1. Residue 340 fails exactly one of the following numbered conditions: (1) surrounded by fewer than 19 Cβ atoms within 10 Å (Cβ to Cβ); (2) among the small types (Gly, Ala, Ser); (3) over 30 Å from residue 420 (Cα atoms). What is the number of that condition?
2. Enumerate the pairs (first residue in the stretch 253-273 and farther than 12 Å from residue 286 by Cβ; second residue anywhere and among the aromatic types (Phe, Trp, Tyr)) with beta-carbon separation below 8 Å, excluding pairs fewer than 6 apart on the same chain, so at least 6 apart or on different chains.
3. Can you tell me which residue among 95, 85 is over 23 Å from residue 193 (Cα atoms), assigned to a loop (DSSP other than H, G, I, E, B) and among the charged types (D, E, K, R)?
4. Hey, can you tell me all the residues within the stretch 357-375 that are buried (at least 18 other Cβ atoms within 10 Å of the Cβ) and at pLDDT below 90?
5. Check 545, 522 and return the single one that is farther than 21 Å from residue 480 by Cα, modelled with pLDDT of 75 or more and among the hydrophobic types (A, V, I, L, M, F, W, C).
6. If you scan the stretch 270-286, which residues turn out to be under 20 Å from the mean Cα position of the chain (by Cα), open to solvent by 50 Å² or more (accessible area, probe 1.4 Å) and either among the acidic types (Asp, Glu) or closer than 23 Å to residue 319 by Cβ (or both)?
7. Going by what's in this entry, would residue 589 be described as out of contact with any Gly (no Cβ under 7 Å at 6 or more places or on another chain) and either on the phi > 0 side of the Ramachandran plot or modelled with pLDDT under 95 (or both)?
8. Do we have any residue at all in the stretch 610-623 that's part of a helix (DSSP H, G or I) and crowded, with 19+ Cβ neighbours inside 10 Å?
Amino acid sequence: MRIKLSVLLIVIAVLLFPVQASAGVVTTKEPTNGSTVYIAGNPDMYPLEYYDRDSDSYRGILPEVFKKLSEQSKIDFSYISSGDKNEQERLAKNKQVEIVSAHFANDAGKLIDETFVLSFVHDGSEKKVYVGFTDIAPDELRSTVKAALSSANTSEMLRSAVETSYDNRSSDFPYYLFFIIGGLAAVVAVLIVVIIRIRLKRKKADRDRLEDTLTGIGNKLYFEYWFPRQISPDTYVLYYLAYITIDATKLSDFTGTSVSDEVQVFAAETISSSAGDRDFCARLSDGAFVLAFQAPSKESAAQFVETLINKLNSIDNENMDKYNIHFHAGIYHIENPNISCEKAVLRASSGNSCAEKNSVPYSFSDEALLKREEYEHNLRRKLSDAINNDEFKLYVQYIFDTDTDCACGAEVLSRWHNPENGIILPGDYIELLESANMIDSLDYKVIENSCALLEEWSKGVKSNLWISCNLTRTTLSQDDFTQRFGEILNKYKFDREKFVIEITEDMLASDNEKAVKNIVACKETGVRIALDDFGNGYSSVRDLCDYPIDIIKVDRGIVEKSLTQRGDSLLRGIVKLAHYLNTLVLCEGVENEEELAEAKSSGCNFVQGFVFSKVYPANEPSVDKLIRFAPHSTTKSPRPAVKPPEPRKPASIAARKPSAPAARKPSAPAARKPSAPAA
């Protein structure tokens with residue numbers, strides 16, 4: 001009886017004085033942040049540990065042990081509450097807790113370290129109770145808790161409490177003490193509830209910050225929390241990051257916000273369900289997800305991501321296919337245990353950008369891609385200084401008259417003379433300038449340098465040459481373009497017909513009203529207008545009627561196809577149509593004698609390509625010896641229509657010989673013959 005009373009007094013004392021305002025043990029619904037150690041409790045191990053529904057918290061001997069340990073070690077402990085259901089195995093498997101409290105052997109799944117607490121006989125069988133640890137529990141924490149559990153005071157209290165709980169022999173036990181204990185416990189429970197509510201209210205903001213409100217999975221902060229805890233020096237080599245995106249803005253614009261949200265919720269569920277026990281995922285931003293997953297090899301990682309992307313793109317939503325909106329992924333293999341979460345995600349996103357650009361489901365962010373990203377990043381930082389320092393130099397590719405094989409004009413191009421990287425081609429910097437909203441600065445520089453070049457050429461052997469200048473839609477669409485263009489022209493003296501503005505077909509197809517008005521205004525200053533890349537996908541015959549086009553530049557793809565029977569007919573038809581509309585024709589990309597013969601046979605007026613001229617610096621004197629310049633009349637009318645060729649038998653390109661130019665008819669009637677830009 002004395003033993004029982006002493007145990008009861010111990011329990012009463014524990015219940016009366018369990019926590020203070022700064023108590024280190026609470027019960028919460030889920031992990032919140034990194035400032036506490038999480039415990040998976042056993043809701044049905046009375047009196048060692050049990051779930052008290054009234055106070056919504058864990059009670060018993062072990063919670064009190066953790067409270068005492070908290071006061072001594074200054075470690076905060078938090079039980080994760082799942083109500084009356086025992087969730088110890090699930091919480092341990094998902095690495096959501098460091099400690100798995102009171103449990104019988106093998107009841108909580110695989111743990112890395114289990115500490116025997118006590119054993120007792122109940123219903124004729126021996127029961128052994130353990131406290132275990134998951135692999136995310138630091139060694140120092142395990143040592144501290146094990147020492148507290150194995151202390152003499154704790155062991156005696158646990159043993160006595162359990163034996164008393166299961167001893168049914170006493171008949172003279174003062175049961176009225178239960179009412180006293182119950183009353184005191186009720187008071188203590190109220191205090192505990194108040195304290196817990198205060199602490200939970202203080203941590204509510206942190207808990208909300210870790211969860212994505214739309215999808216219910218983790219958010220960016222959640223991913224950053226688990227990244228260093230899961231990807232350790234022992235496991236990093238197994239981990240890959242998949243950065244998965246969909247153009248949520250485009251999807252929302254075309255289908256509405258609700259549809260975009262539904263697609264992203266579906267994506268979150270699909271990605272989360274595909275994750276393994278040691279994987280973790282999050283929604284980083286609108287339309288962007290990241291999944292850290294383990295794979296034994298690059299091939300396995302690729303297969304896993306490909307399957308996942310196929311699942312995501314299989315969603316039953318007709319608008320995604322209609323508007324060409326799909327999921328893409330970038331994959332990055334963690335190759336450094338010390339890499340930061342931010343850097344790893346950034347590298348995975350580089351692969352994602354590559355996948356989107358190439359319209360493929362996924363792309364690895366390998367060393368070559370990362371070097372390319374770094375190279376472009378360095379160039380991007382130098383763009384502004386490059387323009388101010390006049391590092392973009394003018395280059396030209398000469399254009400030739402098909403009657404004389406003499407240079408009659410030139411297309412101006414640019415090359416970046418970078419002090420560190422040497423000469424950089426446009427393919428490496430045009431998109432960078434556009435993304436930085438600096439492409440107009442380069443366009444105006446090219447216009448200025450072209451005008452200066454024309455003025456210089458007007459005084460020498462190249463006085464008959466004209467220059468074509470390709471301008472971007474961004475520049476041509478500016479409100480003040482006409483004014484700025486006119487100011488530049490007025491600074492230089494040359495025949496305005498010798499300046500040709502090249503526009504692209506997509507500029508007209510986009511129905512850009514401002515750009516079209518500016519083109520018409522430029523035409524009124526006396527310059528010429530050329531339609532570049534004709535036949536490259538946006539062509540409309542109506543454009544030749546609706547806009548003031550002086551020259552069409554036939555795309556290289558059509559020139560290549562002209563070596564076939566149908567391609568030859570197509571090229572001849574384009575030339576004939578243009579000439580009937582009083583428009584001159586230039587064939588681009590003519591690279592060999594066979595293509596040159598086809599171009600001449602079609603009746604086109606000019607050719608441009610490597611067959612006559614490479615790309616040269618604009619003011620390189622030595623180049624003049626390579627090019628044939630011959631003064632002749634600069635006025636050139638469209639060629640008269642030529643007689644359609646006789647049907648030919650198909651033959652391989654290699655077996656064909658250049659055909660002679662077709663015989664031309666006498667001059668065809670024309671209401672007006674436009675003069676060509678100065679040759």
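The values are calculated or read from the model by the stated rules, or taken from the named source; none is laboratory data. Computed from a predicted structure; not experimentally measured. Glycine also receives a Cβ, built like all others from the backbone with ideal geometry; neighbour counts cover every protein chain displayed. To get the accessible areas, we keep the full protein, side chains included, count just its heavy atoms, and leave off ligands, DNA and RNA. Shrake-Rupley method; radii C 1.70, N 1.55, O 1.52, S 1.80 Å.
1. Only one criterion in (1) surrounded by fewer than 19 Cβ atoms within 10 Å (Cβ to Cβ); (2) among the small types (Gly, Ala, Ser); (3) over 30 Å from residue 420 (Cα atoms) is unmet by residue 340, namely (3).
2. Hits for this filter: 254/323; 255/323; 268/289; 271/289.
3. Criteria check complete, one pass: 95.
4. Across the stretch 357-375, the qualifying residues are 365, 369, 373.
5. Details: 522 fails: farther than 21 Å from residue 480 by Cα.
Of 545, 522, the one residue that is farther than 21 Å from residue 480 by Cα, modelled with pLDDT of 75 or more and among the hydrophobic types (A, V, I, L, M, F, W, C) is 545.
6. Our first condition is that a residue be under 20 Å from the mean Cα position of the chain (by Cα); within the stretch 270-286, this holds for 270-272, 280-286.
Checking which are open to solvent by 50 Å² or more (accessible area, probe 1.4 Å) leaves us with 272, 285-286.
285, 286, listed by residue number.
7. Working: out of contact with any Gly (no Cβ under 7 Å at 6 or more places or on another chain): no; either on the phi > 0 side of the Ramachandran plot or modelled with pLDDT under 95 (or both): yes.
So residue 589 fails the test.
8. Initial filter on the stretch 610-623 (part of a helix (DSSP H, G or I)): 621-623.
In the following step, the residues that additionally are crowded, with 19+ Cβ neighbours inside 10 Å were identified as none.
Looking for residues that are part of a helix (DSSP H, G or I) and crowded, with 19+ Cβ neighbours inside 10 Å, one finds none in the stretch 610-623, hence no.
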